[in-house]
Amino acid sequence: MMETALRPLGTVMTLIEKLGHEVTYAYEDLVFINHNDFLLQFDAADPNALDLFFNTECDAKEADEVAGRMIPEGIQQGLLIRRKGTYTMTEAENNNLQITFNP
């Protein structure tokens with residue numbers, strides 16, 4: 001039986017709060033942040049690595065500022081955060097959300 005490594009969601013939540021944001025929802029490997037300016041996706045192979053995606057509607061300067069603070073702070077918390085690209089979120093049928101990643 002293969003064990004799944006525990007993801008450090010508590011550490012991620014603390015990091016996000018320290019940066020003045022709030023985790024609003026965690027679903028499978030995705031961590032959603034208030035206002036949906038950005039989201040984090042846990043790496044399948046390394047539970048301490050996350051990919052950072054910014055909403056296409058997020059201001060570029062704000063995105064640079066968030067990434068510039070989050071990446072070094074993540075290292076201090078033992079997390080490897082990689083800026084990966086952008087995403088769009090659209091409403092699909094049955095009140096579902098569809099997320100499209102743009103690397």
TODO: Enumerate the amide H contacts of Thr86 below 5 Å, restricted to partners 5 or more residues apart or on another chain; note that Pro and chain-start residues carry no placed amide H.
DONE: Phe54, Asn102
TODO: Kindly write out, for segment 62-77 in residue order, the coupling ³J(HN,Hα) from the Karplus curve 6.51 cos²θ - 1.76 cosθ + 1.60 (θ = phi - 60°), rounded to whole Hz, with x marking Gly and Pro.
DONE: 5, 4, 4, 5, 4, 4, x, 8, 6, 4, x, 5, x, 4, 4, 8
Task: In nm, spacing of pseudo-spin labels at Asn95 and Gln76 (7 Å Cα→C-beta vector) - done: 4.0
Task: 10 Å beta-carbon shell around Phe101, net charge (K/R +1, D/E -1) - done: 0
- [ ] Would you work out the relative contact order for the chain, in percent, from Cα pairs under 8 angstrom that are 6 or more residues apart?
- [x] 19
Open item on the list: From the Cα trace of the chain, what convex hull volume per residue do you get, rounded to a whole Å³?
Closed with: 110
TODO: Just the number, please: carbon plus sulfur as a percent of the accessible area of the chain, 1.4 Å probe, no ligands or DNA/RNA counted.
DONE: 49
Task: Solvent-accessible area per residue for the chain (1.4 angstrom probe, square angstrom) - done: 64
Open item on the list: Looking at the chain only, what percent of DSSP beta bridges run antiparallel? Nearest 5 please.
Closed with: 70
- [ ] Sticking to Cα atoms, compute the Rg of segment 17-68 to one decimal and its Dmax as the biggest Cα-Cα distance, whole number, in Å.
- [x] 11.1, 31
TODO: With all protein chains present, calculate the accessible area of Met13 using a 1.4 Å probe and round the result to the nearest 10 Å².
DONE: 70
TODO: Within the set of other residues whose C-beta is less than 13 Å from the C-beta of Lys18, count the net charge using Lys and Arg as +1 and Asp and Glu as -1.
DONE: -2
Open item on the list: Tell me the net charge near Lys61. Cut-off is 15 Å between Cβ atoms, Lys61 excluded, with +1 for each Lys or Arg and -1 for each Asp or Glu.
Closed with: -4
Open item on the list: Using the basic label-point model (7 angstrom from Cα toward the beta carbon), what is the Thr56 to Glu28 distance in nanometres?
Closed with: 2.1
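The values are calculated or read from the model by the stated rules, or taken from the named source; none is laboratory data. It should be emphasised that the depicted structure is a prediction, and the values quoted were computed from it without experimental measurement. In this analysis, Cβ positions are derived from the backbone assuming ideal geometry, glycine residues included, and neighbour counts consider all displayed protein chains. We work out accessible area using only protein heavy atoms, side chains counted, and drop any ligands, DNA or RNA first. Shrake-Rupley method; radii C 1.70, N 1.55, O 1.52, S 1.80 Å.
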